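Read the figures in this text as sums done on the coordinates, not as results from a lab. These numbers come from a predicted model, not from an experiment. For neighbour counting, all protein chains shown are included, and Cβ atoms are generated from backbone atoms with ideal geometry for every residue, glycine included.
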Amino acid sequence: MLDTFFIKSLKTPLRLMAMGLNKVGVKANWITLLGFFIGILVLPALYFGNTVLALVFIVINRVLDGLDGAVARVQGPTDLGGYLDITLDFIFYSAVIFGFALMNPIENALAASFLIFSFMGTGSSFLAFAIMAEKRKIERLEYGNKSLYFLGGLAEGAETIAFLVLICLLPAHFSLLAYVFGGICWITTATRIYAGYRTLG
């Protein structure tokens, strides 16, 4: 829901950083992989109950996720880059939730399972439509030059990041927050399916 606003706001500073990295030969895919390996460190951090350290890894991962796209736009987007970006993003998001289940299995496991189940809805509705949009040459220009068609919704990247930050700041309320955000994800899935039905039907 808020992605277009943040994309426009961060476009200039990210482009300036991307141009600097491009000059020294840094490739977009290197940034994608570095961001993922840093982000996946949330698993041991959360396993040991260190939500502050987990939050640091989340922030670094998300900054690098924005930066790799900016570098890709300077160097020219590639199919491999788009594939790595979306695949590793979904693994990262689920890893954070799984980490909270590891941290407190008795209290968090069921809520974490529900939220990952909800992510399947948002992820599949997003990716399935992207395939059909590519087939029909449908574009979504307000998201900029992307490798995949971005079908919006109530829970997009910005809202997901805000949620990840919130559960790190309020870990004792993880279950409640997970159920609430899971519900928002299902509203997003329903609206995407409806939009897909209207567009493709």
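What the table below lists for this structure:
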quantity	calculated
Paramagnetic reach from L127 (point 7 Å along Cα→Cβ, amide N under 18 Å) across region 14-54	33, 36
Relative contact order, percent, the chain [alpha-carbon distance under 8 Å, six or more residues apart]	27 percent
Virtual spin-label span in nm between V56 and E134, 7 Å along Cα→Cβ	3.8 nm
For region 3-200, size of Cβ-based charge dipole, Lys and Arg +1, Asp and Glu -1, in debye	580 debye
For the chain, calculated [θ]222 nm from helices alone, where every DSSP H run of n ≥ 4 adds -39500 (n - 2.57)	-27500 deg cm²/dmol
Burial ordering of V42, V52, V26, V180, fewest other beta-carbon atoms within 10 Å first	V52, V180, V26, V42
Cα lying deepest toward the dipole's positive end in the chain, options L64, A28, L169, charges on Cβ	A28
Among T32, T160, T122: highest mean-square fluctuation, GNM of the chain, C-alpha pairs under 10 Å	T160
